[in-house]
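J.: Supplied in structure tokens, the structure appears directly below.
Just so you know, all these numbers are worked out from the coordinates, no wet-lab data involved. Just so we're clear, the structure is a prediction, and the values are computed from it rather than from any experiment. Cβ coordinates were reconstructed from backbone atoms using ideal geometry, including for glycine residues, and neighbour counts include every protein chain displayed.
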Amino acid sequence: MANEKELNIQETEKQEIAETGAERTRSRLAFVPRADIYETNEAIVLVTDMPGVDENSLDITLENDVLTINGYVETAYPEGYGLSYGEYRVGDYERSFTLSNKVDRNKIEATVKDGVLRLYLPKAEPSMRKIAVAAG
Amino acid sequence: MFGRTFWGQTSPWNEMERLRREMNRVFANLSATSESRITPGYPAMNVWTNEDGAVVTAELPGIDPETLDIAVVKNTLTLSGEHKPLELEEGEVYHRRERGYGKFTRSFQLPFNVEGDIVEATYEKGVLNITLPRAEADKPRKITVKAA
């Protein structure tokens, strides 16, 4: 393929969730959504690919330090057709991240567009002040 | 007391059963991944067919549908587009980078010719859905047997 060099899509396969610890109550396939996380001066921004998810099928919770993203996907199969060739599977998404104390929990913003979730986690004002010690 | 805990919820049989399930899961995963390793390209496609045509779906999150190029020639569907990388400004740093980006092209051959003029494509929630009706001339003809 001519475009091979420009292509940086490493993996096309979705990563299925490994059940360690708590099991899921919904007996459905679940995948770990791929995420990009970057830090700006004001915030940490998290961008995840969750095709099939919209604002009504997303569940984002923050408990203690753990941010959990749940995306529920309605499997809508085309009516009157039979699957003759399948390369990917459809399922829910689930992923958790541990946040540092630096995040201002009350100002977290989440938007979703075209199956991409964008979480804006603003950094908190430092609550602890450093005290400068002057030589006496 | 001892007997109760032994045969109760935490009995070794339960534990063995759990282990057995876990093993099954591990081996099922292994075979599943080795199968899907032969996935020929990006994006992964699901193809649904019936006698009137086909529906091709692909997961393409975060794409501007205007930039998607869908072409149909006879029985071949070609799909190309680009995943744009995030534009980071000066001073912004990645903590984690897992999402793929770049240009992609994929051709797919269907088992019949397509009526190219009435191909429809929708893009919703990051999922592309292309409906490809089978060409009228290509449809199987029913032959009625006349009584002699």
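J.: Which entries of B:84/B:125; B:74/B:125; A:14/A:123; A:14/B:103; A:113/B:74; A:123/B:125 show an alpha-carbon separation above 25 angstrom in the structure shown?
T.: Numbers: B:84/B:125 17 Å; B:74/B:125 29 Å; A:14/A:123 31 Å; A:14/B:103 19 Å; A:113/B:74 34 Å; A:123/B:125 29 Å.
Pairs exceeding 25 Å: B:74/B:125; A:14/A:123; A:113/B:74; A:123/B:125.
J.: Still on this structure, I have one more. Averaged across B:81-87, how many Cβ atoms of other chains sit within 10 Å of each residue's Cβ atom?
T.: Working: counts 0, 3, 4, 0, 2, 5, 0.
Average per residue, whole number: 2.
J.: Residue by residue through the stretch B:120-130, what is 3J(HN,Hα) from phi via Karplus (6.51 cos²θ - 1.76 cosθ + 1.60, θ = phi - 60°)? Round to whole Hz and write x for glycine and proline.
T.: 10, 9, 10, 10, 9, 6, x, 10, 8, 9, 10
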